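Undergrad: Structure below; questions to follow.
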Amino acid sequence: MAVTVRVPASTANLGPGYDAFGLALALYNVFHATPAEEWSVEVRGEGEGVLSTGADNRVAEAMAAGFEACGQPGRATRIVCENGIPTGSGLGSSAAAIVGGVMLADAMCDGALGRDGVLRLAAEIEGHPDNVAAAVLGGFAIAWSEGGQTRAAAVDPARGFAAVVVGAEWSMSTGDARELLPKNVPHTDAARSVGRAGLVAAGVALGREDLLAAGLSDCLHEPYRASAIPDLAVVTGALRDAGAVGAVLSGAGPTVVGLVVGDDDDAAFARAGEIAARAGATLAGIEGRHAPMALRLDRVGARVE
């Protein structure tokens, strides 16, 4: 039984929603799996020649964990990865690989885990649920823990949404980015973050640009990670000046994402293209940055094809 799964990219945190908020974007990794006697992986596109092609590939490891969770340990497959999501960029490539592997296993086991089971296992493997929730559910996802189990809810944005992403020629691991964060933060910063996160969630749900603009500001992680991303203020400023509602680190970075709202998804995407062009002219002289790219919102999430 051959199975194909398509998983979207995602941008996590969205400023104050640290480890809780995620937004699925229309940039995809597509994974194909067929039963085999032993594990093998072929990588095409992003990560080709860099990512492992053996059983320690992240997709294969997640798939093995999925088989174990479905009560069918010891199975192996041949996997072909067609990767469109850059690795180490803050666009959820790790989450996409994990979700893809778990969903491939689940599909080969006749859906024994279900979507909730896929979400829980993928979040456990990843170690944090924000990108995973967005990749699985699509749209704007809010994740939390209850009784030691990952839970998530998808909120369908009330108006059209799109994003402008500015990637980098260099990468940064989530682990390294987390090492930059202090173990404790002032109570005032935590309280401020709660209010801002509420504004972001309300702004997405209601389609209110004013609430989003007020909420897309962080004090829990971005100020500490800025030391490793020296052009952060320049890039976020260029996106805002070009017309984005707000601009924040995408996950741990170094990619920066600007959010765009329109009357519908087509209008938002068209507006994002204009903003990308304007911001690109400003950032043309910034060394190590890719040209801004407009991306649509993915409202469906990971799916078996």
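The values are calculated or read from the model by the stated rules, or taken from the named source; none is laboratory data. Only a predicted model underlies this, so the values are computations on that prediction, with no experimental measurement involved. Virtual Cβ from ideal backbone geometry, glycine too; neighbours counted across all protein chains shown. For accessibility, only protein heavy atoms count, side chains too; no ligands or nucleic acids. Shrake-Rupley method; radii C 1.70, N 1.55, O 1.52, S 1.80 Å.
Undergrad: From the list VAL41, VAL5, which one is buried (at least 17 other Cβ atoms within 10 Å of the Cβ), farther than 18 Å from VAL136 by Cβ, touching a strand residue (DSSP E or B) at 6+ places or on another chain (Cβ under 6 Å) and modelled with pLDDT of 95 or more?
TA: On the way: VAL5 fails: farther than 18 Å from VAL136 by Cβ.
Within the list VAL41, VAL5, the selection yields VAL41.
Undergrad: For residues in region 68-87 being charged (D, E, K, R) and not in a loop (DSSP other than H, G, I, E, B), which is least open to solvent (accessible area, probe 1.4 Å)? Steps first, answer last, please.
TA: Keep residues of region 68-87 that are charged (D, E, K, R), which gives 68, 75, 78, 82.
Next, only the ones that are not in a loop (DSSP other than H, G, I, E, B) stay: 68, 78, 82.
Details: GLU68: 116, ARG78: 95, GLU82: 72 Å².
Among those residues, the one meeting the criterion is GLU82.
Undergrad: Can you find a residue in region 181-194 that is closer than 24 Å to ALA96 by Cβ and of a type in the set (A, V, I, L, M, F, W, C)?
TA: The answer is yes; a qualifying residue exists.
Undergrad: Give me the residue from region 51-67 that is open to solvent by 30 Å² or more (accessible area, probe 1.4 Å) and part of a loop (DSSP other than H, G, I, E, B) and, out of that set, farthest from ILE85 (Cα to Cα).
TA: Taking the candidates together, the pick is ALA55.
Undergrad: If I filter region 105-121 down to residues being of a type in the set (Asp, Glu) and under 22 Å from the mean Cα position of the chain (by Cα), which single residue comes out as nearest to PHE67 (Cα to Cα)?
TA: Restricting to residues being of a type in the set (Asp, Glu) and under 22 Å from the mean Cα position of the chain (by Cα), the top hit is ASP106.
Undergrad: Tell me yes or no: at least one residue of region 73-81 is on the phi > 0 side of the Ramachandran plot and over 21 Å from the mean Cα position of the chain (by Cα).
TA: yes
Undergrad: Moving to a separate point now. Quick check: anything in region 95-108 closer than 30 Å to ALA201 by Cβ, crowded, with 24+ Cβ neighbours inside 10 Å and among the charged types (D, E, K, R)?
TA: yes
Undergrad: Tell me yes or no: at least one residue of region 58-65 is farther than 23 Å from ASP298 by Cβ, free of Cβ contacts under 8 Å to residues at least 40 places away in the same chain and not aliphatic (A, V, I, L, M). Can you show your working first?
TA: Step one: list which residues in region 58-65 are farther than 23 Å from ASP298 by Cβ, which gives 60-61, 64-65.
The next check asks that each one be free of Cβ contacts under 8 Å to residues at least 40 places away in the same chain; those that pass are none.
No, the conditions are met nowhere in region 58-65.
Undergrad: Which one of these is among the aliphatic types (A, V, I, L, M), within 15 Å of the chain's Cα centre (by Cα) and open to solvent by 10 Å² or more (accessible area, probe 1.4 Å): LEU14, LEU27?
TA: Every option except LEU27 fails the conditions.
Undergrad: Next question, about the same structure. Looking at region 51-70, is at least one residue at pLDDT 95 or above, closer than 26 Å to ALA247 by Cα and not β-branched (Val, Ile, Thr)?
TA: Looking through region 51-70, none of the residues is at pLDDT 95 or above, closer than 26 Å to ALA247 by Cα and not β-branched (Val, Ile, Thr).
Undergrad: Now a separate question. Hey, any hits in region 125-142 for a residue that's touching a Gly at 6+ places or on another chain (Cβ under 7 Å) and farther than 24 Å from ALA268 by Cβ?
TA: Within region 125-142, none of the residues are touching a Gly at 6+ places or on another chain (Cβ under 7 Å) and farther than 24 Å from ALA268 by Cβ.
Undergrad: Hey, among ARG192, ARG178, ARG115, ARG159, which residue is more than 28 Å from THR236 (Cα to Cα) and of a type outside the set (A, V, I, L, M, F, W, C)?
TA: From the options ARG192, ARG178, ARG115, ARG159, the qualifying one is ARG115.
Undergrad: Applying the selection to region 232-268, what residues are assigned to a helix (DSSP H, G or I), in contact with a Leu (Cβ under 8 Å, 6 or more places away or on another chain) and in contact (Cβ under 8 Å) with a residue 40 or more places away in the chain?
TA: Residues satisfying the conditions are VAL234, VAL235, ALA238, ASP265, ALA268.
Undergrad: I need a count of the residues in region 158-216 that are surrounded by 16 or more Cβ atoms within 10 Å (Cβ to Cβ), under 20 Å from the mean Cα position of the chain (by Cα) and polar (S, T, N, Q).
TA: So the answer is 2.
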